[in-house]
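Right, one structure below, let's go through it.
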Amino acid sequence: MAIEIDHLGIAVRSLAEGLHLFEKTLGMTVSGTETIAAEQVVVAMLPAGAGLNAPRIELLQAAGEASPIARFIEKRGPGLHHIALRVDDLPLTIERLKNEGARVLDEPRRGAGGHLYVFLHPASTGGVLLELIQKEPVRD
Ligand code: ZN
């Protein structure tokens, strides 16, 4: 089973603030910005590398006071929020993790581009919020 880094999620107070560093200063390019209503976040994706599967920096800005990103920043300040890994077989990976006692948050959800994803609670991953993403988009 080959696992790849899909993106690193970084919580920012504002996308403008985050983009100042990653876009203006470091010279990265935003590949897309979108609001994910279900998660109450606005995200900007910046590929770090060439090709469609290049890992990305995901800047996360809260889109409301109840946003998990707002709560995260309130508690710890801006910073690394989660690491997202692409896996070949998400249902199988979830099953294996559950068998090992890992805490999978919610059922798989469908994100940008039709990709299925889940989050694992940091309590069962050594303190890192892990996002797992199905490699290929799942078609209905
Ligand atoms: Zn993410």
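The values are calculated or read from the model by the stated rules, or taken from the named source; none is laboratory data. Everything quoted here is computed from the prediction, not taken from an experiment. Glycine gets a Cβ as well: all are built from the backbone with ideal geometry, and neighbour counts include every protein chain shown.
Glu95 falls short on exactly one of the conditions (1) within 12 Å of the ligand (Cβ to nearest atom); (2) farther than 20 Å from Glu34 by Cα; (3) not aromatic (Phe, Trp, Tyr), and that condition is (1). If you take the residues in the range 72-92 that are assigned to a helix (DSSP H, G or I) and away from the ligand (no atom under 16 Å from the Cβ), which one is surrounded by the most Cβ atoms within 10 Å (Cβ to Cβ)? My answer is Pro91.
Yes or no, residue by residue, for (1) basic (Lys, Arg); (2) touching a Phe, Trp or Tyr at 6+ places or on another chain (Cβ under 6 Å):
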site: His7; (1), (2): no, no
site: Ile10; (1), (2): no, no
site: Val43; (1), (2): no, no
site: Gln61; (1), (2): no, no
site: Ser67; (1), (2): no, no
site: Arg71; (1), (2): yes, no
site: Leu105; (1), (2): no, yes
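Here the range 98-124 is the region considered, the condition is being away from the ligand (no atom under 16 Å from the Cβ) and in a helix (DSSP H, G or I), and the residue that is surrounded by the fewest Cβ atoms within 10 Å (Cβ to Cβ) is Asn99. Scoring Arg56 on the criteria (1) among the charged types (D, E, K, R); (2) within 14 Å of the ligand (Cβ to nearest atom); (3) modelled with pLDDT under 95 leaves a single failure, condition (3). Candidates in the range 5-38 are the residues that are of a type outside the set (A, V, I, L, M, F, W, C) and surrounded by 17 or more Cβ atoms within 10 Å (Cβ to Cβ); of these, the one that is farthest from Glu107 (Cα to Cα) is Glu23. Checked against the criterion of being out of contact with any helix residue (DSSP H, G or I) (no Cβ under 8 Å at 6 or more places or on another chain) and in contact (Cβ under 8 Å) with a residue 24 or more places away in the chain, the candidates Gly64, Gly77, Gly127, Gly111 yield just one match: Gly111. Of the residues examined, Gly51 is not one that is of a type outside the set (Lys, Arg), part of a loop (DSSP other than H, G, I, E, B) and touching a Ser or Thr at 6+ places or on another chain (Cβ under 9 Å). Inspection of the range 126-137 identifies at least one residue that is of a type in the set (S, T, N, Q), surrounded by 13 or more Cβ atoms within 10 Å (Cβ to Cβ) and not in a loop (DSSP other than H, G, I, E, B). Per this entry, Ala48 is counted among residues that are over 17 Å from Ala16 (Cβ atoms) and of a type outside the set (Lys, Arg).
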